[in-house]
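Below is one structure, written out as structure tokens; the observations come after it.
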Amino acid sequence: MKKVPGPRQIPFVGNLLAVGSKPHEFFRTCAEKYGPIVRMRLEQHREIYLLSRPEDIKYVLTNSQRLFAKGYHRDRILSMVLGNGLLTSEADFWLRQRRLVQPAFHKHRIESYADTMTAYTGRLLEEWRDDQELDIHKEMMRVTMEIVAKTLFDIDLKEPRYQGSDQVGDALDQVLRGYVEQFTSVARMLLESLPIAIPLPGSKRLKDSVDRLDRLIYDIIEERSGEDRDRGDLLSMLIAAQDDDGSRMTPKQLRDEVMTLFLAGHETTANVMSWTFYLLAQHEDAARRLAAELDEKLQGRVPALSDLANLPYTRAVINESMRLYPPAWFISREPIEDVWIDGYCLPAGCEVAMSQWIMHRDAAHFPQPDRFLPERWSPEYEKSLPAYVYFPFGAGPRVCIGNSFAMMEASLILASIAQRFEFELDPEHAVIPEPSITLRPKNGIRVKAKSRRSS
Ligand code: HEM
């Protein structure tokens, strides 16, 4: 049997020390050095096979997806937070839930959220002043969280009763920090390898945060399950959803789906926005071209859903931003039986990883791959791109359910903000990508907002 190439592994710790704080860069270097299939080990029991040929990624995500599980069962953090929601569930249970949840993401339903997206962004803009110093990542987390709370539960986090909602952000922060550690902490790896369950560092705080979030979500579900009307939000659809046999979701299932949509539905988009403004702040030409498109097409109006089709450069900026800084920088699967790829055997139970960070920076498909060039995204170019080289939302049956929601939201937020403000990066503040479960800017992105109206 052919041996899969890969970096030399040190007994017990495998490649963990080499990964350091930059697993995305380590993955990329390995793919460049060892080729389209690389074997590595990050923990005692975590053997990873990294794939970077589009055909192989297609095989895993689409053609033979039944041979692969998500493999989240071994992930204590995600299981605690998301339970058995869409992102983490498996097989028939997942299929049933996907069928039940899908109608909530129907085009018309999603489109009805456009006004909330622009209204909430507008509310944020009213708070900003010329020359104001901001952490743009924090601001984007806030607005996307407010948008998802409104569209998911019909609640306004600005109301006094939700003012403790920083706890929501805090819980999320705990989860994501846990993830960074998972990749990079030798101490954590050692604790995980012990045959007894020892609480991991920070896990008590995480559990408390999840408990607080749970109470909030269960209260909302209980209050809403007694109602007999469609409030237009996603939760109304989830509560009303019926399986073929007439059964509905239990409160626990509703909780898991709601928690999943809440977390998956705002942090990713907040990251897209943050990286987009970071890139625009460094590329004056692109920022100017974007502003010109918005000025010409919107004439100072608040953007509406119907404007999006006329804003190709706005969309190109988002595509290019997600290429360079994909919020989901890698996805993985677990073969449920031994599988063969390119003549190599990938054993059941290993982790098969596919990285957007690597694929999106492949010079074969993206000339000058590390440069921010929104103009590359012409319709012809997009059409010419082979499948599975650009997949910010994943692919196959488990493709992101919130794909259209996210693209609409990102475009509307970008159009609303870039129409009125530009940003200067704080030269004293280093911006560092943190490859947690999502690719987020560690310590935020500090900027100075410059009002375009006064320039
Ligand atoms: C730019 C923003 C977003 C990005 C980049 C993104 C990315 C992804 C990716 C890559 C996957 C597939 C994961 C895998 O195959 O293992 C996924 C799945 C998922 N996403 Fe998103 N997502 C975004 C926004 C959203 C939004 C707005 C929602 C909901 C409101 C959402 C909900 C979900 C759910 C529920 C799944 C699991 C789907 C399933 O397995 O059936 N996402 N997302």
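The values are calculated or read from the model by the stated rules, or taken from the named source; none is laboratory data. It should be emphasised that the depicted structure is a prediction, and the values quoted were computed from it without experimental measurement. All Cβ positions, glycine included, derive from the backbone under ideal geometry; neighbour counts span all protein chains shown.
Residue check: is Ala119 within 14 Å of the ligand (Cβ to nearest atom) and over 20 Å from the mean Cα position of the chain (by Cα)?
No: the conditions fail for Ala119.
Among the residues of segment 395-428, what is the count of those that are more than 20 Å from the chain's Cα centre (by Cα), surrounded by 21 or more Cβ atoms within 10 Å (Cβ to Cβ) and of a type in the set (Asp, Glu)?
Residues that pass the stated criteria total 1.
Which pairs do you get when a residue that is over 18 Å from Leu279 (Cβ atoms), found in segment 387-414, comes within reach of a residue that is more than 9 Å from the ligand (Cβ to nearest atom) and charged (D, E, K, R), reach meaning Cβ atoms under 6 angstrom, with the pair 6+ apart or on two chains?
Hits for this filter: Tyr388/Lys58.
From (1) part of a helix (DSSP H, G or I); (2) loosely packed, with under 13 Cβ neighbours inside 10 Å, pick out the condition that doesn't hold for Gly300.
If we test Gly300 against (1) part of a helix (DSSP H, G or I); (2) loosely packed, with under 13 Cβ neighbours inside 10 Å, just (1) comes out false.
Given the conditions (1) within 14 Å of the ligand (Cβ to nearest atom); (2) surrounded by fewer than 20 Cβ atoms within 10 Å (Cβ to Cβ), report the number of the one that Pro160 does not fulfil.
(1)
For segment 30-43, does any single residue satisfy the condition of being crowded, with 16+ Cβ neighbours inside 10 Å, of a type in the set (Gly, Ala, Ser), in a helix (DSSP H, G or I) and more than 14 Å from the ligand (Cβ to nearest atom)?
Yes: segment 30-43 contains one or more residues that are crowded, with 16+ Cβ neighbours inside 10 Å, of a type in the set (Gly, Ala, Ser), in a helix (DSSP H, G or I) and more than 14 Å from the ligand (Cβ to nearest atom).
Out of all the residues in segment 9-29, which are in a strand (DSSP E or B) and surrounded by fewer than 18 Cβ atoms within 10 Å (Cβ to Cβ)?
Hit for segment 9-29 is Ile10, nothing else.
Of the residues that sit in segment 65-88 and are touching a residue at least 40 places away in the same chain (Cβ under 8 Å) and away from the ligand (no atom under 14 Å from the Cβ), which one is surrounded by the most Cβ atoms within 10 Å (Cβ to Cβ)?
Of everything passing the filter in segment 65-88, Ile77 is surrounded by the most Cβ atoms within 10 Å (Cβ to Cβ).
For Tyr278, work out the one condition from (1) under 12 Å from Ala415 (Cβ atoms); (2) within 16 Å of the ligand (Cβ to nearest atom) it doesn't fulfil.
The number of the failed condition is (1).
Conditions tested, residue by residue: (1) within 12 Å of the ligand (Cβ to nearest atom); (2) not in a loop (DSSP other than H, G, I, E, B).
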position: Arg361; (1), (2): no, no
position: Gln368; (1), (2): no, no
position: Cys400; (1), (2): yes, no
position: Ala406; (1), (2): yes, yes
position: Ile413; (1), (2): yes, yes
position: Ser416; (1), (2): no, yes
position: Glu434; (1), (2): no, yes
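I'm trying to understand the selection: among the residues of segment 237-257, which are surrounded by fewer than 22 Cβ atoms within 10 Å (Cβ to Cβ), in contact (Cβ under 8 Å) with a residue 24 or more places away in the chain and either among the small types (Gly, Ala, Ser) or within 11 Å of the ligand (Cβ to nearest atom) (or both)?
The answer is Ala241, and nothing else.
This table checks each residue for (1) more than 16 Å from the ligand (Cβ to nearest atom); (2) crowded, with 22+ Cβ neighbours inside 10 Å; (3) modelled with pLDDT under 95.
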| position | (1), (2), (3) |
| --- | --- |
| Pro312 | yes, no, no |
| Glu320 | no, yes, no |
| Cys345 | yes, no, no |
| His365 | yes, no, no |
| Phe393 | no, no, no |
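Check off (1) within 20 Å of the chain's Cα centre (by Cα); (2) more than 12 Å from the ligand (Cβ to nearest atom); (3) surrounded by 21 or more Cβ atoms within 10 Å (Cβ to Cβ) for Asp135 and give me the number that stays unchecked.
Evaluating Asp135 over (1) within 20 Å of the chain's Cα centre (by Cα); (2) more than 12 Å from the ligand (Cβ to nearest atom); (3) surrounded by 21 or more Cβ atoms within 10 Å (Cβ to Cβ) leaves (3) as the failure.
List the residue pairs whose Cβ atoms are under 6 Å apart, where the first residue sits in segment 314-340 and is farther than 24 Å from Thr88 by Cβ and in contact (Cβ under 8 Å) with a residue 60 or more places away in the chain, the second is of a type in the set (Val, Ile, Thr) and within 11 Å of the ligand (Cβ to nearest atom), and the two are 6 or more positions apart or on different chains.
Matching pairs, first to second residue: none at all.
Considering each of Leu125, Leu157, Leu152 in turn, give the residue that is closer than 24 Å to Arg440 by Cβ and at pLDDT 95 or above. Before you say what the answer is, go through the steps one by one.
Details: Leu157 fails: at pLDDT 95 or above; Leu152 fails: at pLDDT 95 or above.
Just one listed residue meets the conditions, Leu125.
Restricting to segment 324-343, count the residues that are surrounded by fewer than 16 Cβ atoms within 10 Å (Cβ to Cβ) and more than 16 Å from the ligand (Cβ to nearest atom).
Count: 5.
Condition (residue is more than 12 Å from the ligand (Cβ to nearest atom) and touching a residue at least 40 places away in the same chain (Cβ under 8 Å)) applied to segment 90-106: is it met by at least one residue?
yes
What's the number of the only condition in (1) closer than 14 Å to Val258 by Cβ; (2) away from the ligand (no atom under 13 Å from the Cβ) that Glu111 fails to meet?
The one condition Glu111 does not meet is (1).
Name the residues in segment 48-65 that are touching a Leu at 6+ places or on another chain (Cβ under 9 Å) and either assigned to a loop (DSSP other than H, G, I, E, B) or over 15 Å from Tyr388 (Cα atoms) (or both), would you?
Selection gives Ile48, Tyr49.
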